[in-house]
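Bear in mind these aren't lab numbers, they're just calculated from the coordinates by the rules spelled out. Since we're looking at a predicted model, the values are computed, not measured. With ideal geometry, Cβ positions are generated from the backbone for all residues, glycine too; neighbour counts draw on all protein chains shown.
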2 protein chains.
Amino acid sequence: MTASLERLVVIGCDAAGMSAASQARRRRPAADLRIVAFEKGQHVSYSACGIPYLVAGDVSTPDDLVARTPEEFRKLDIDLRLGCEVVGISLPSRSVTVRSGERTYDEPFDQLVIATGGVPARPDVPGADADGIHGVQTLEDGIRLLSFLEDRAPKRAVVVGAGYIGLEMAEAMIRRGLEVTLIDAADQPMRTLDPDMAGLVANALRDLGVDLRLSCRLSGFSSDAGRVTAVRTDAGTLSADVVILGLGTKPNSALAADAGIAVGASGGIVVDRRQRTSAEGVWAAGDCVEVHHLISQRPTAIALGTHANKQGRAAGINIGGGYATFPGVVGTAVSKICSHEVARTGLTTAEALGAGFEVFSAVTESTTRAGYFPGALPITTKLIAERTTGRLLGAQIVGQEGAAKRIDALAVALWHGMTVEEMTGLDLSYAPPFAPVWDPVLIAARKTAEQLARLRP
Amino acid sequence: MTASLERLVVIGCDAAGMSAASQARRRRPAADLRIVAFEKGQHVSYSACGIPYLVAGDVSTPDDLVARTPEEFRKLDIDLRLGCEVVGISLPSRSVTVRSGERTYDEPFDQLVIATGGVPARPDVPGADADGIHGVQTLEDGIRLLSFLEDRAPKRAVVVGAGYIGLEMAEAMIRRGLEVTLIDAADQPMRTLDPDMAGLVANALRDLGVDLRLSCRLSGFSSDAGRVTAVRTDAGTLSADVVILGLGTKPNSALAADAGIAVGASGGIVVDRRQRTSAEGVWAAGDCVEVHHLISQRPTAIALGTHANKQGRAAGINIGGGYATFPGVVGTAVSKICSHEVARTGLTTAEALGAGFEVFSAVTESTTRAGYFPGALPITTKLIAERTTGRLLGAQIVGQEGAAKRIDALAVALWHGMTVEEMTGLDLSYAPPFAPVWDPVLIAARKTAEQLARLRP
């Protein structure tokens with residue numbers, strides 16, 4: 001038996017890696033499959049998406065973000081090795097090279113899961129290594145920032161990048177009482193939205209007291225005695241006691257590429273629907289892979305915990321001898337900044353045009369509950385449809401409490417290629433505390449369909 | 001021109017009737033279509049679903065429930081006649097007979113819309129005409145109840161019927177500070193849920209201080225000087241200063257049936273997907289019709305404002321020379337009682353068995369937000385699937401704030417005949433303030449799919 005014991009190595013012990021390991025173990029006991037998992041940091045299986053809320057104070061300790069501890073995985077007979085960085089993959093010898101402190105060693109595998117996550121984009125400008133400049137990708141990053149905020153009590157924060165992380169960190173800084181400047185090189189926040197919908201987000205940010213600087217390009221950092229004092233931009237210098245980098249991430253695929261495993265134009269590792277890479281017995285999952293976008297029909301890289309979990313699970317089931325797939329994405333995302341909610345799915349107008357669609361869009365105003373019901377709050381919904389067929393291509397929502405999660409019904413409609421006209425018939429739930437008699441989703445579908453019909457000869 | 005002027009008569013001026021009238025008018029000006037609309041009451045186009053919230057005090061005046069006033073419709077050249085009851089339809093003479101006070105007259109039509117709504121079920125027991133026994137179907141009912149509550153300050157309410165209206169009225173009475181007893185002849189509240197999910201609702205009601213009496217059959221009312229003093233049941237007498245009847249409604253189709261228009265076994269007027277009845281030029285919409293259930297493939301009667309609006313709109317567009325359909329329903333509904341939310345879509349287990357499906361179901365516990373996020377509240381989701389194919393047949397949710405509206409994503413999945421396995425791949429929105437990394441909908445799909453897979457040989 002021992003001679004035939006298969007060896008699974010997992011690189012990266014966050015959502016994707018540990019989902020894969022757990023699922024493989026559920027199907028194959030330790031007598032059948034040996035599992036070794038390497039993590040370069042000290043934390044495993046935590047919610048990176050929760051870091052802004054840890055920093056804001058919504059979550060009281062870093063431990064709260066940990067879904068499962070190393071001990072829990074070890075109880076499953078998963079040989080979890082913390083502080084161990086995999087620095088090379090050799091396909092010919094079917095082994096990985098591991099660095100642990102001073103020591104370097106090779107670990108053989110039969111099956112390999114690459115779950116190396118994302119690499120945060122770091123600005124290539126002078127002074128970026130000054131004290132007080134923080135990324136917020138890993139739990140270590142979050143803990144470091146939290147200590148900095150508690151120990152140094154900075155007053156002025158500059159957040160670089162107005163995407164999801166940038167907005168969430170701007171909220172965290174506001175709620176901690178700091179003055180916040182948010183800069184972005186683009187002329188809108190949230191490039192994942194159309195400019196008009198992003199304009200609503202910009203207004204919301206300004207209403208919250210954020211000094212939002214758009215079309216503002218970072219050129220460097222000033223520091224005093226090694227500590228950051230200002231952010232330099234092409235539109236002037238902004239003084240800062242703390243800087244947060246929210247420039248997004250790229251797939252961390254270098255290790256795979258170096259081993260000769262196929263990496264796509266998106267920068268993500270190429271996988272099939274079962275999460276198999278181009279190399280036999282090598283799987284990949286999470287932020288390091290590229291996914292199939294069901295609307296653009298193109299590969300894309302999207303760093304999102306929910307995808308990482310699903311992909312890791314699929315990989316693990318397949319390694320365990322089952323059958324599971326990750327069918328692709330429609331590009332759904334949601335975020336909030338204080339009481340403002342933002343959501344999107346599918347393609348933006350620009351993305352749809354880029355994918356070759358002729359598009360039509362309409363923006364609709366409604367309320368989250370019946371207009372007469374207490375707590376009815378504004379919701380703006382934009383639908384993007386193919387002009388000739390009326391097929392839904394994308395949707396965006398900006399609103400207040402109760403607005404954003406409506407994106408899910410739109411995401412499922414999009415998944416099935418519904419036209420906006422067909423969507424007007426959908427049987428969505430109605431009662432005054434939950435929706436107007438025409439749910440905002442239905443009103444948006446109806447208005448878009450009506451406007452589209454008027455364009456037809 | 002005047003000789004050829006077409007005459008549209010609308011019977012009933014609530015959601016369905018006035019949607020039809022407005023849509024017909026949008027497409028055909030007064031020079032082309034004369035519209036006369038009859039309403040036996042004094043209020044038009046109001047939200048009947050809002051009445052419990054008017055009574056509870058969430059909505060400050062009855063006017064707030066009115067979507068559009070008679071004056072607004074008259075400005076659209078709709079000849080709206082209040083206090084006018086249509087008492088007969090003659091298809092041979094193409095006219096309706098109208099009673100207005102002492103006067104009775106005939107009004108001719110070319111096209112007719114029947115939007116007579118529902119008839120509240122009234123218990124056929126002695127004493128039901130006592131003062132203090134209130135229905136809550138019409139705005140007049142709601143205003144009358146509100147006056148009663150304000151003038152007489154009753155202390156003990158008995159609500160008869162533990163369906164949607166009964167629950168909403170129980171909440172209203174609790175929030176007004178009354179002692180509330182809720183009785184139902186069935187052994188569970190909310191017959192639209194499976195017994196186990198209804199059990200969660202029963203627990204919630206009892207936690208709220210409602211004296212819930214199940215399997216308790218109404219036998220009559222006691223009164224003193226014409227005023228109700230108690231509710232008599234087969235399980236004893238319950239003293240009451242006010243009684244609210246929440247026994248549901250039946251389609252108000254007698255007028256149509258008397259005219260020889262086809263009425264189905266559900267009691268609702270039979271219509272096609274364009275809302276045409278069996279009689280040429282006669283349309284029907286709203287609570288008085290039966291609808292096609294897309295999952296059971298059977299006609300059913302469902303009284304719901306959102307369907308009435310859609311059907312009325314479709315009828316009006318078709319009368320106006322356009323093309324619009326009401327494709328049917330999947331049986332989605334949502335309600336709340338204080339902080340507890342309840343939602344369902346599709347078929348219950350009993351309904352699915354009744355429709356001939358072999359079923360499998362699973363119940364899943366989760367939270368509305370990431371478990372570590374403040375305000376993460378419990379949500380219980382039950383999915384009912386076809387045993388052999390895994391196709392979703394129905395879903396039920398009981399939970400707290402943020403739980404119920406998740407039914408919409410399930411309703412759209414159901415609409416498209418997805419299997420629970422396919423649903424595990426859905427790209428639903430994720431961020432810690434909005435969902436755990438696996439949304440409760442996805443967890444429910446995953447657990448149901450996993451359990452179903454284990455049953456297979």
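Across the identical copies, the label point of B:G322 (7 Å from Cα in the Cβ direction) is separated from its matches by 4.8 nm, in order from shortest. Rounded to two decimals, the Cα radius of gyration of region B:122-247 over 2.2 N^0.38 Å is 0.98.
In sequence order, region B:45-61 has phi-based couplings of 6, 10, 8, 4, 5, x, 4, x, 7, 5, 5, 6, x, 5, 10, 7, 9 Hz under the Karplus curve 6.51 cos²θ - 1.76 cosθ + 1.60, θ = phi - 60°, and Gly or Pro positions carry x. Take the cross-link list B:K310/B:K336; A:K336/A:K382; A:K405/B:K310; A:K75/A:K310; B:K336/B:K447; A:K310/B:K447 and give me the ones stretching past 20 Å between alpha-carbons. Distance filter (> 20 Å) returns B:K310/B:K336; A:K405/B:K310; A:K75/A:K310; B:K336/B:K447.
Relative contact order for chain B: what percent, with Cα pairs under 8 Å and sequence separation of 6 or more? List each step's numbers first, then the result.
Working: 1073 pairs, mean separation 61.8, N = 457.
14 percent.
Here the sum of -39500 (n - 2.57) over DSSP H runs of 4 or more residues, divided by the residues of the protein assembly as shown, equals -7500 deg cm²/dmol at 222 nm, to the nearest 500.
3J(HN,Hα) along region B:299-305: x, 8, 10, 10, 8, 7, x Hz, from the Karplus curve 6.51 cos²θ - 1.76 cosθ + 1.60 with θ = phi - 60°, whole Hz, x for Gly and Pro. Site pair B:R144 and B:H292 shows an inter-label distance of 3.9 nm when each label is modelled 7 Å from Cα along Cα→Cβ. Take the Cα of B:A185, go 7 Å toward its beta carbon, and the backbone nitrogen atoms of region B:110-145 under 15 Å from that spot belong to B:121-126. The residue among B:G12, A:A376, A:P432 whose Cα reaches farthest toward the positive pole of the charge dipole of the protein assembly as shown, with charges on the beta-carbon of Lys, Arg, Asp and Glu, is B:G12.
Just to confirm the filter: which GluC sites (Glu not before Pro) across region A:277-370 are DSSP coil and have at most 13 other Cβ within 10 angstrom of their Cβ? Can you show the working numbers first?
Working: sites: A:E280, A:E290, A:E341, A:E351, A:E358, A:E365; in loops: A:E280, A:E290, A:E358.
Those that pass, being in a loop and sparsely packed, are A:E280, A:E358.
Ascending distances from the B:G57 label point to its copies in the other chains, with the point 7 Å along the Cα-to-beta-carbon line: 3.3 nm.
For the protein assembly as shown, the fraction of C-alpha pairs farther apart than 45 angstrom is 36 percent. Distances from B:D258 to itself in the other copies, using label points 7 Å out along the Cα-Cβ axis, amount to 8.7 nm in increasing order. Amide H to amide H, with H built 1.01 Å from N, B:A230 comes under 5 Å of B:S222, B:A240, counting only residues 5 or more places away or on other chains. Hey, with R₀ at 41 Å, roughly what FRET efficiency would B:L82 and A:L353 work out to, going by the Cβ-Cβ distance, to 0.05? FRET efficiency, B:L82 to A:L353: 0.20.
When the inverse distances between all different Cα atoms of chain A are averaged and flipped, the Kirkwood radius reads 23.6 angstrom.
For B:T97 and B:D151, the difference between the fully extended length at 0.36 nm per residue and the C-alpha to C-alpha distance is 15.6 nm. May I ask you to derive the FRET efficiency for A:A128 and A:L377 from their Cβ-Cβ distance with R0 = 41 Å, giving the value to the nearest 0.05? With R0 = 41 Å, the Cβ-Cβ based efficiency is 0.55.
Using 1/(1 + (r/R0)^6) with R0 = 45 angstrom and r between the beta carbons of A:D258 and A:H416, what's the FRET efficiency to the nearest 0.05? Before the final figure, lay out each step's value.
Details: r = 40 Å, r/R0 = 0.90.
Efficiency, from the Cβ-Cβ distance: 0.65.
Of interest is the spacing of the C-alpha centroids, which for region A:358-426 and region B:224-289 amounts to 34 Å.
Quick check: residue separation of B:D234 and B:E72 times 0.36 nm, minus the Cα distance between them. What number comes out in nm? Write down the numbers at each step before the final one.
Working: separation 162, 0.36 × 162 = 58.32 nm, distance 4.99 nm.
Gain on stretching B:D234 to B:E72: 53.3 nm.
The distance from the alpha carbon centre of region B:1-72 to that of region B:108-143 is 18 Å, rounded to a whole number.
Considering every alpha-carbon pair of region A:339-451, the percent of pairs per 10 Å bin, from zero through the bin containing the longest distance, is 16, 50, 27, 6, 0.
Counting other Cβ atoms within 10 Å as a rough exposure proxy, the listed residues B:T364, A:T345 run B:T364, A:T345 from fewest neighbours to most.
Remark on B:L377: its backbone amide H falls under 5 Å from those of B:T368, B:R369, a criterion applied only to residues 5 or more positions apart or on other chains, H modelled at 1.01 Å from N. Taking amide H as placed 1.01 Å from N in the peptide plane, B:V291 has its amide H under 5 Å from the amide H of B:T300, B:A301, B:I302, each at least 5 places away in sequence or on another chain.
Across all Cα pairs in region A:150-192, the calculated P(r) in 5 Å bins from zero up to the longest distance comes to 6, 26, 30, 19, 12, 5, 3, 0 percent per bin.
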